[in-house]
1. Can you confirm whether segment 88-97 contains a residue that is polar (S, T, N, Q) and within 13 Å of the chain's Cα centre (by Cα)?
2. For segment 1-22, what are the residues that are within 16 Å of ALA36 (Cβ to Cβ) and acidic (Asp, Glu)?
3. With a cut-off of at least 3 residues that are on the phi > 0 side of the Ramachandran plot, modelled with pLDDT of 95 or more and surrounded by 21 or more Cβ atoms within 10 Å (Cβ to Cβ), name the strands (runs of 3 or more DSSP E) lying wholly within segment 1-94.
4. Of the residues LEU115, LEU145, which single one is at pLDDT below 95, out of contact with any helix residue (DSSP H, G or I) (no Cβ under 6 Å at 6 or more places or on another chain) and within 22 Å of THR42 (Cβ to Cβ)?
5. Anything in segment 95-112 that is of a type in the set (Gly, Ala, Ser) and either outside any helix (DSSP H, G or I) or on the phi > 0 side of the Ramachandran plot (or both)? List them, or say none.
Amino acid sequence: MPSECILVVDDDAAVNALNCEILQESGFRALGVHCAATAFDTIDNGAGLSALVTDVELGHGPDGFAVARRARITNPEIPVLYVSGTAAARYRSEGVERSEFLQKPFRPSEFVAALRRVLRHQTASSDIAAGEFNQESASLKADVLSMPDSSV
């Protein structure tokens, strides 16, 4: 039974289903959601996620960058893979640290390889002492928690 649960966020139901299927065929458990609000709920409920794969443009409401920032509040080391056909330029300024961007369209093998790279990076990062406090995470948490409820 696969041990790594990947949250897949894409507002296009067909793309979401395909990405989940690719991951499942590669031995991962994939949990697909279609909007930032549902992703926030999943993240906040402590679903035991191993990584986040998110489209950047998620339609109305918060985008994939906001989803990744929220995920990093819950788990500062969660691997993040952004996938988008349009947001490569925004990734440089809005993407979370230690993440990767994969331009759509991509081959299934490229998708799985990119996910495995971010997962490997997380494993290497987990050698950091458990008690180490990250000031950036604290600041990010304060920013997100101060958002009005209507923005999440």
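The values are calculated or read from the model by the stated rules, or taken from the named source; none is laboratory data. Since this is a predicted model, take the numbers as computed values, not measurements. Every residue, glycine as well, gets a Cβ built from its backbone with ideal geometry; the counts of neighbours run over all protein chains shown.
1. Filtering segment 88-97 for residues polar (S, T, N, Q) gives 93.
Next, from what is left, pick out any that are within 13 Å of the chain's Cα centre (by Cα): none.
For segment 88-97, residues polar (S, T, N, Q) and within 13 Å of the chain's Cα centre (by Cα): absent.
2. Filtering segment 1-22 down to residues within 16 Å of ALA36 (Cβ to Cβ) leaves 7-13, 15-16.
The answer is ASP10, ASP11, ASP12.
3. On the way: elements: 5-9, 29-33, 51-55, 80-84.
So the answer is none; nothing clears 3.
4. Values: LEU115 fails: at pLDDT below 95.
Matching residue, one of LEU115, LEU145: LEU145.
5. Of all residues in segment 95-112, those of a type in the set (Gly, Ala, Ser) come to 95, 99, 109.
Within segment 95-112, GLY95, SER99 qualify.
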